[in-house]
Amino acid sequence: MRKLEGKRIALTGPRRADDLSKLVEKLGGVPLLRPAQGTVFLEDAHVEQEIRQLVQEEIDWYIMTTGMGIENLMRIAANIGLEQELIAKLKQSKVAARGYKAVGALRKLGVPLTARDDDGTSAGLVRIMSAYDLKDCRIALQLHGDPAPKLVQLLQEQGAEFREILPYRHVSPEPEVLAGLINEILRGEVDAVMFTSGPQVRFIFAHAAETGQLTQLIAAFAGPTIAVAVGKFTAEVIRDAGVERVIFPEEERMGSMIMALSDYYAQ
């Protein structure tokens, strides 16, 4: 059964776009490649200095938010001969993680967890971390390409001493790319938009706000256009942007995301 028959699905993620397109087509849909996330730049020189400080200082907590971030920290640490020292520091400290990818990356390193999220989101990590006394704790917060305001707010409210470590960052695509997708949505030419990361959501909604189209965009997602997220974290970002109806799978996988949309249309 071709559950996406004739549906026009915008794919905003740059990764695995070809594979996703084939899955959409297999289910009868029309994939629209609309990358809303720019290149990820790894700032090695800056991160090298951060790593040197981490292995020299006493850190009470490491809060890790992405598998990619952890892997890049370790890659850069290995390049400067400090990988084993950094792993040892992690094992000596309390470590918290958000999401199964971060948990998996730490387990590969043999790093035990003190805390992890309860649902794969930053809000879930905040809930768990709220049970700990973080006053005057020295914390290294590994971010995921853009800010984590809820985590930062918790650390500030608890009086923790923290610094943010950004192993990579996302950049916005050209404004005309974002404008084109937004206008397609507002003209009713897109049935669903698939988001695979928080930055894609933020870039699109920030551009809509800058161009005076935010209210119309939120209305479109409440009406004919379906917002689809790869998992709970990205769904949380979409809801924070003002969209109430978000489709997402329990298992954070791109194939599962497409099937979740298919099941929604099949109801």
Quiz item: For segment 68-181, what Kirkwood radius comes out of the mean inverse Cα-Cα distance, in Å?
Solution: 15.5 Å
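Assuming R0 = 30 Å, what is the FRET efficiency of K135 and S256, from their Cβ-Cβ distance, to the nearest 0.05?
The formula returns an efficiency of 0.15 here.
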Exercise. Report the Stokes-Einstein translational diffusion coefficient (µm² s⁻¹, integer) for segment 127-202, Rh taken as the Kirkwood radius over Cα pairs, at 20 °C with viscosity 1.002 mPa s.
Key: 140 µm²/s
Exercise. Quick one: grab Rg to one decimal and Dmax as a whole number for segment 1-71, Cα atoms only, in Å.
Key: 20.0, 59
Quiz item: Distance in nm between label sites at Q53 and R16, each 7 Å beyond Cα in the beta-carbon direction?
Solution: 3.5 nm
Self-check item: Environment charge at V55 (Cβ cut-off 12 Å; Lys +1, Arg +1, Asp -1, Glu -1)
Solution: -4
Quiz prompt | Cα-based convex hull, the chain, per residue volume (Å³, whole number) | solution = 130 Å³
Exercise. Would you pull out the residues with amide H under 5 Å of A160's amide H, same chain only if 5 or more places away, H placed 1.01 Å from N?
Key: D136
Quiz item: What's the lysine pair count for segment 1-144 at a Cα cut-off below 26 Å, pairs eight or more apart or interchain?
Solution: 13
Quiz prompt | Stokes-Einstein translational diffusion, segment 136-267 - Kirkwood Rh over all Cα pairs, 1.567 mPa s, 4 °C, in µm²/s | solution = 80 µm²/s
Self-check item: Inter-label distance, nm, simple model (7 Å from Cα along the C-beta direction), R127/A45
Solution: 4.3 nm
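What net charge is computed for the residues neighbouring M74, neighbours being all others with C-beta under 10 Å from the C-beta of M74, Lys and Arg scored +1, Asp and Glu -1? List each step's numbers first, then the result.
On the way: positive: R75, K108; negative: E71, E83.
Net local charge, M74 excluded: 0.
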Quiz item: Going from the alpha-carbon gyration tensor of segment 1-143, what semi-axes, largest first and in whole Å, does one get by taking the root of 5 times each eigenvalue?
Solution: 37, 19, 13
Exercise. Please give the net charge around V24, taking every other residue with its beta carbon less than 14 angstrom from that of V24, where Lys and Arg add +1 and Asp and Glu add -1.
Key: +3
Practice problem: With +1 on each Lys and Arg Cβ and -1 on each Asp and Glu Cβ, and nothing else charged, work out how big the dipole of segment 192-267 is about its Cα centre, in Debye to the nearest 20. | Solution: 120 debye
Quiz item: If you wrap a convex hull around the Cα atoms of segment 190-267, how much volume per residue is inside, in Å³?
Solution: 79 Å³
Self-check item: Within a Gaussian network of the chain (alpha carbon springs, distance under 10 Å), most fluctuating of I204, I80, I185
Solution: I80
Quiz item: Alpha carbon centre of segment 182-208 versus segment 118-167: separation in Å?
Solution: 28 Å
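Coordinate-derived values only; no laboratory data. The model shown is predicted, which means the values in this text are computed figures rather than measured ones. Every residue, glycine as well, gets a Cβ built from its backbone with ideal geometry; the counts of neighbours run over all protein chains shown.
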